[in-house]
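Written out below as structure tokens is the structure these notes cover.
The values are calculated or read from the model by the stated rules, or taken from the named source; none is laboratory data. Keep in mind that what you see is a predicted model, and the values were worked out from it rather than measured. Note that we place each Cβ from the backbone using ideal geometry, even for glycine, and neighbour counts take in every protein chain shown.
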Amino acid sequence: MRTRRNSVYPWMIVAAVGLMATASACGDNTTSQTASVPPDAGVPDGAAAAQAVLDSIPAIGTGTITATTQTIATGFTAPLFATPAPGVNGVLFVVDQVGTVFRTDRTTGAKSTFLDVSTSLVPLGIAMIGGYDERGLLGLAFHPQFAQNGLFYTVASEPVNGTADFTFPKLGSSCPTPAMSLDPDHQNVLREWHVASPTDPQAKPDANSRVILRFDWPNFNHNGGMIAFGPDGMLYLSLGDGGGEDDQTCQLNADGKVTIGHVPGGNGQDPSLAYGKIFRIDPIARTSANGAYGVPADNPFVGQSGTLPEIWALGLRNFWRFSFDTGTGVLIGADTGENDIEEVDVIRAGGNYGWPVKEGNALFNAAGFAVMGGATDGFVTMLSPGMPPGLIDPIAEYGHTHMMMVQGRAVIGGFVYRGTAIPQLVGKYVFADYLAAEGLLVLDQLSDADLSAFAAGTSTMQERIVTLTPPPFGLSVFGFARDENGEVYVLGNSTGIPSGQTGELRKVVP
């Protein structure tokens, strides 16, 4: 059953337990939140304390709703999202991280290239971490009137090319080990494309695209990059905290470079920066500073000094995959944790989701201690439901381990199921972890009333996470899809990196 958040938890200190996977200096302002984190008191046995606090979070349970998956298409490299296009029936457009969008028949699995931007990406695959990478072609969204206007949008990691619309503070040269460069690692670019005959099953986009937004990115990771149109017709874009470690400058990143570009207190809590946020824009309007998009007048921070008016929500680390429920219109997604806790969030206008003050439902201390040879890992310090005030806790969470059993490492957001093939799954949120250690996951007691209450901020309940498909799953999960009938699909590969041809599109079936 769902659990009500306890008001008090014992003091505990948590050590880091692994590398974040896919996708992981300003003054105070009126919208940032801070918390006073107690000292570590010496941390005599960080690993034991870590396990104790993770064990206090409910374990992933065994669900009573069960499903399996049916392979629809194979031969991708690192498929991380797929979506139908309005007016194009029976097809899913599969986003492969290495730069290709495949038009894929969701019955036969036959696929053909719809868009190829591979030559415009930064080189992928970081040798120091075994070819792992969080850059690439990250997002795809078709305009709700695609059948009439032929417009669609992509987000991709490109080499630096011109002045960005948003950049990071040039911090890192004064670190104990100074950063070798304060130049961006890459730019994440939102582009608009046009298809002249959008309902033609063989049509391809025009050769040229229009740049809407260009973001300097300080580090290789935490790019976000999910885009989707809401029921309001506006385009929503997730932006990670800028990468590195712990949302702070000077940490040693997984690629061996010193983290740059983070303000004291974290980018996620600074409303003057784009990083660690969700943007909401009108891509058709031309009223922005760069003349390429519009800022909706009803965005929550419009007119507030020192705050970007594009922001819809803040305090997010790497909101990796979100979706709008077709039944309630609610925005739901998953924010990947740093070292210990993964979370599912319902997003509402102006909401602050805590990072880096909190990771999941726990306070987070970025000034960490040495764990497994890394001297700069941050760690959670104590479960703190409802505190500090003004921060929104997740609707569900799980620890990387529970009772020494591995549960996951990086949450991957999915969809609320609205199909017909599995009636008992209707209205439940389906998602997974990158490791897929527990198979696919589901919030099995979620209801439309719950979603509406979370969106309104009137619920303090926490949903139960249980398995939907039993392990072993056989893939590292990168993302999900939902077709025009509400059926859900999962995407991933067997290597966990953007390399090879082991990527699959699978359908969730009874």
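Per-structure values
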{"item": "Within the range 373-441, strands (runs of 3 or more DSSP E) holding 1 or more residues that are among the β-branched types (Val, Ile, Thr) and farther than 25 Å from residue 454 by Cα", "result": "379-383"}
{"item": "Residue count, the range 99-109 (criterion: surrounded by fewer than 22 Cβ atoms within 10 Å (Cβ to Cβ) and of a type in the set (A, V, I, L, M, F, W, C))", "result": "0"}
{"item": "Number of the condition not met by residue 119 [criteria: (1) of a type in the set (Ser, Thr, Tyr); (2) more than 30 Å from residue 484 (Cβ to Cβ); (3) in a loop (DSSP other than H, G, I, E, B); (4) modelled with pLDDT of 95 or more]", "result": "(3)"}
{"item": "Output for the range 95-110, where each listed residue is out of contact with any helix residue (DSSP H, G or I) (no Cβ under 7 Å at 6 or more places or on another chain), over 14 Å from residue 506 (Cα atoms) and not hydrophobic (A, V, I, L, M, F, W, C)", "result": "96, 97, 103"}
{"item": "Residue that is nearest to the chain's Cα centre (by Cα), among those in the range 78-91 that are outside any loop (DSSP other than H, G, I, E, B) and over 12 Å from residue 141 (Cα atoms)", "result": "80"}
{"item": "Boolean, residue 66 is in a loop (DSSP other than H, G, I, E, B) and modelled with pLDDT of 90 or more", "result": "yes"}
{"item": "Residues of the range 114-140 satisfying the condition of being charged (D, E, K, R) and over 8 Å from residue 157 (Cβ atoms)", "result": "116, 133, 134"}
{"item": "Members of the range 126-185 found to be basic (Lys, Arg) and either farther than 17 Å from residue 275 by Cα or under 19 Å from the mean Cα position of the chain (by Cα) (or both), listed by number", "result": "135"}
{"item": "Matching residues, the range 311-330, being crowded, with 24+ Cβ neighbours inside 10 Å and of a type in the set (D, E, K, R)", "result": "317, 321"}
{"item": "Candidate set: the range 184-242, residues that are of a type in the set (D, E, K, R) and within 30 Å of residue 260 (Cα to Cα); chosen: the one surrounded by the fewest Cβ atoms within 10 Å (Cβ to Cβ)", "result": "210"}
{"item": "Flag if residue 103 is touching a strand residue (DSSP E or B) at 6+ places or on another chain (Cβ under 9 Å), among the charged types (D, E, K, R) and not in a loop (DSSP other than H, G, I, E, B)", "result": "yes"}
{"item": "Residue within the range 356-369 that is within 25 Å of residue 491 (Cα to Cα) and touching a Lys or Arg at 6+ places or on another chain (Cβ under 8 Å) present", "result": "no"}
{"item": "Any hit, the range 165-187, residues being touching a strand residue (DSSP E or B) at 6+ places or on another chain (Cβ under 8 Å), assigned to a loop (DSSP other than H, G, I, E, B) and closer than 20 Å to residue 117 by Cα", "result": "yes"}
{"item": "Residue, nearest to residue 282 (Cα to Cα), within the range 122-146, restricted to residues that are among the small types (Gly, Ala, Ser) and in a strand (DSSP E or B)", "result": "141"}
{"item": "Residue list for the range 331-351, filter: buried (at least 24 other Cβ atoms within 10 Å of the Cβ) and part of a loop (DSSP other than H, G, I, E, B)", "result": "336, 337, 338, 339, 340"}
{"item": "Pick from the range 491-503, criterion touching a Ser or Thr at 6+ places or on another chain (Cβ under 6 Å) and outside any loop (DSSP other than H, G, I, E, B), ranking: surrounded by the fewest Cβ atoms within 10 Å (Cβ to Cβ)", "result": "493"}
{"item": "Residue check, residue 85 crowded, with 17+ Cβ neighbours inside 10 Å, touching a Pro at 6+ places or on another chain (Cβ under 6 Å), of a type in the set (Gly, Ala, Ser) and at pLDDT 95 or above", "result": "no"}
{"item": "One residue from 401, 458 being closer than 26 Å to residue 324 by Cα and either crowded, with 19+ Cβ neighbours inside 10 Å or modelled with pLDDT of 95 or more (or both)", "result": "458"}
